[in-house]
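Visitor: Quick one: this structure, given as structure tokens, is what I'll be asking you about.
Just so it is clear, none of the values below were taken in a lab; they were calculated from the coordinates. What you are looking at is a predicted structure, and each value in this text was computed from that prediction instead of being measured. Cβ coordinates were reconstructed from backbone atoms using ideal geometry, including for glycine residues, and neighbour counts include every protein chain displayed.
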Amino acid sequence: MLNLIPINILTFFKSLMHKKQALLIPEDYNEFFYWVKERTETFWSKSKSSNNTEGYPCPEWVEGAKWIGMTNEQIDSIEAKYGITFMPAHRAFLHILHTIDRKEVNEYEEGGETQTYQRSFFYNWLEDEDEIVSKLDWPYRTIFEDVSPSKGVWLESWGARPASVEEKERIFADWYAKAPKLLPLTSHRFLVSQAGLADRPVLSVYGSDTIIYGWDLRLYLLNEITDHLDLYMPVFDEEDQCYYAEYRDELRKVFDLAQQKLPGKDIPYWKELILYWSSGWSSFGLKPPGDNGEMVQPIMPTYIPEEQDATQKTFRTFE
């Protein structure tokens, strides 16, 4: 006798199969960027946001958003305008994705009045000139702010620390000029942009507190816009009686594989700065000196010049 499966059960299994296929994350850059485009725009569509019962709801400000890529001619003109060179993967990102057709409007209180400011999802190289000019200078300016004080950051490769700020800047400027260039993506995220490197990671640069935010553009986007890619699953915790976000299985596998490849990775010049603070060691799959396994530990320097004591990282606001 033939066993019949109810139509609603068949529909359920087909739905599962479709979702499994949709979560196959391409490795080829072009295919991946088009996958990002399709998946995010689906998540942002109003019909999706109003019926999204599995993941997290789409933020209202981005409902219906679309990516606006650049033409090759526009990319070439931007390179000429700013005297920069986009590496092939970055060019593909700009051509297929670039940024979206709106900005997020944020509000804050100042002097008893409500102020607003707009923020691009990713920098719009055709419109955000002031922000881009400022961000191209951001790594140099903010890192040197941490270097210039008498007991500031000082890398071992720089030799003995001079007393004058001018001499410190001469040494720092020489180091910075030799380091692979950084191009802004959004906020304080920068893509390493130099030919001939085994890896071109995305760095999160907040002064000397610099870490890897993704060892390539693919890993970076999966990490940065996980929610917009609808790659979180809400999982209910019985003990805490609340939901927590967990990566979908396919994304977890991608991150686990990337973690296995960390030993031996290098970035000329930048690696030493990243490892200066204990917070950067995990970027290379390493445990910093003094790591006792506690979940929360102070961020401490891992190289201390003879004339100063080890002090916990102090976070500052950069203008």
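Visitor: In which sequence would ASP216, ASP28 go, from the one with the fewest C-beta neighbours within 10 Å to the one with the most? Numbers along the way, then the final one.
Guide: On the way: ASP216 17, ASP28 11.
Ranking ASP216, ASP28 by Cβ neighbours within 10 Å, fewest first, gives ASP28, ASP216.
Visitor: For the peptides 73-86, 202-215, what is the packing order when you average, over each peptide's residues, the other Cβ atoms within 10 Å and list the highest mean first?
Guide: 202-215, 73-86
Visitor: Structure shown: which of LYS168/LYS261; LYS103/LYS135; LYS37/LYS135; LYS66/LYS181 lie over 27 Å apart, alpha-carbon to alpha-carbon?
Guide: Cα-Cα > 27 Å for LYS168/LYS261; LYS66/LYS181; rest within.
Visitor: Follow-up. Kindly point out which whole DSSP H helices in the chain project their C-alpha atoms 30 angstrom or further along the helix axis while averaging a Kyte-Doolittle hydropathy of 1.0 or above.
Guide: Flagged H segments: there are none.
Visitor: Roughly speaking, what is the stretch gain from GLU145 to CYS242, that is 0.36 nm per residue apart minus the C-alpha to C-alpha distance, in nm to one decimal?
Guide: 30.7 nm
Visitor: Moving to a separate point now. Select one label from (1) 39, 25, 21; (2) 36, 30, 19; (3) 41, 24, 16: the one whose number is semi-axes √(5λ) of the Cα gyration tensor in Å as derived from the coordinates shown.
Guide: Checking each listed value against the structure points to (1).
Visitor: Under unit Cβ charges (Lys, Arg +1; Asp, Glu -1), what dipole magnitude, rounded to 20 debye, does segment 73-151 have relative to its Cα centre?
Guide: Values: 8 positive and 17 negative charges, 85 e Å.
Taking the Cα centre of segment 73-151 as origin, the dipole is about 400 debye.
Visitor: Starting from the 7 Å offset along Cα-to-Cβ, what nm value, one decimal, do you get for the label separation of ALA80 and THR311?
Guide: Spacing of the two 7 Å Cα→Cβ label points: 5.0 nm.
Visitor: Using a Förster distance of 25 angstrom, determine the FRET efficiency expected from the C-beta separation of MET233 and ASP291, and round it to 0.05. Show your work: numbers first, answer last.
Guide: Working: r = 30 Å, r/R0 = 1.20.
That gives a FRET efficiency of 0.25.
Visitor: Roughly speaking, what is the centre-to-centre gap between segment 217-289 and segment 78-124 when only Cα atoms are used, to the nearest Å?
Guide: About 24 Å separates the Cα centre of segment 217-289 from the one of segment 78-124.
Visitor: Could I ask something else about it? Order of 247-260, 140-153 by packing, highest average Cβ count within 10 Å first?
Guide: The most tightly packed comes first, giving 140-153, 247-260.
Visitor: Between GLU169 and PHE255, what length in nm is gained on full extension when 0.36 nm per residue of separation is reduced by their alpha carbon distance?
Guide: Gain on extension, GLU169 to PHE255, equals 27.2 nm.
Visitor: May I pose another question? What nm distance separates the two modelled labels at SER134 and ASN30, each placed 7 Å from Cα along Cα→Cβ?
Guide: It works out to 3.7 nm between the two label points.
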